[in-house]
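Below is one structure; the comments refer to it alone.
The values are calculated or read from the model by the stated rules, or taken from the named source; none is laboratory data. It should be emphasised that the depicted structure is a prediction, and the values quoted were computed from it without experimental measurement. Every residue, glycine as well, gets a Cβ built from its backbone with ideal geometry; the counts of neighbours run over all protein chains shown.
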């Protein structure tokens, strides 16, 4: 295989595996709960900030990663509380949390960014266990193992009684309430898990790139949305397993497009424009197909 193709694939696979957690988080809130959550941009940085501060302070990187995940859970829980207890609309609650978390992340780190070049990250620890140097292949294997664990746990959880109640709350909240189920708890749980996964992604990305920056979460919600839409357009998921698989496939393809675009000379400043165009194209395809078949489509949701 030519080195340039191998490099593109390695980058796309490694980034696709870790950023898939963001896509799954967006999938849980947007598709399962029908909860448009914009906390993602902030909770991603929360994960990176916590893990960077703890690793730089000499803490075990595995412990730091777990704490980062818990921090994401807390962010999601607060967003859920704003919506369920204070009756703030979901979209506005997410925006408020996203804005507030910018300052929170600055308080956590104490400065705009923290380098980890001289610190022992999770990847360095794993490499030392096996007596090998840190490499792209090692990073891909670690990401793949974590992604497999998350995939299996979510696939099991969404089939349990609690998971089914959570999915039902997004499909028809009024019906679930009439059956005596507390949908507020389901929303809190779903949004918390979503942002916990996003924070986990932030913690892993920070350790992989060996620094955490307060601005590294900008556009994560759009990236997650793009991955979900691309995956759904290709796989047409019908069950839980295929839905989760669509998130992984969509993220891989999204990162593949971006990596190829960078290799072709795309300026980094144009990345957000390319992402927006990908989302527009992916969302417009079903509408265009139905128009060509002269099928009726309802107006777009306005939440």
Quiz item: Only one residue in 175, 152 is assigned to a helix (DSSP H, G or I) and modelled with pLDDT of 90 or more. Which one?
Solution: 152
Self-check item: Options 223, 243, 216; residue that is at pLDDT 85 or above, under 19 Å from the mean Cα position of the chain (by Cα) and either exposed (fewer than 15 other Cβ atoms within 10 Å of the Cβ) or in a loop (DSSP other than H, G, I, E, B) (or both)
Solution: 216
Practice problem: Check off (1) more than 28 Å from residue 252 (Cβ to Cβ); (2) under 17 Å from the mean Cα position of the chain (by Cα) for residue 165 and give me the number that stays unchecked. | Solution: (2)
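Quick grid of which residues meet (1) within 14 Å of residue 188 (Cβ to Cβ); (2) surrounded by 24 or more Cβ atoms within 10 Å (Cβ to Cβ); (3) out of contact with any strand residue (DSSP E or B) (no Cβ under 9 Å at 6 or more places or on another chain):
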residue: 25; (1), (2), (3): no, yes, yes
residue: 44; (1), (2), (3): no, yes, yes
residue: 53; (1), (2), (3): no, no, no
residue: 57; (1), (2), (3): no, no, yes
residue: 66; (1), (2), (3): no, no, yes
residue: 74; (1), (2), (3): yes, no, yes
residue: 77; (1), (2), (3): yes, no, yes
residue: 83; (1), (2), (3): yes, no, yes
Quiz item: Tell me, which helices (runs of 4 or more DSSP H) wholly within region 41-129 include 3 or more residues that are closer than 16 Å to residue 204 by Cα, touching a helix residue (DSSP H, G or I) at 6+ places or on another chain (Cβ under 8 Å) and modelled with pLDDT of 95 or more?
Solution: 61-84
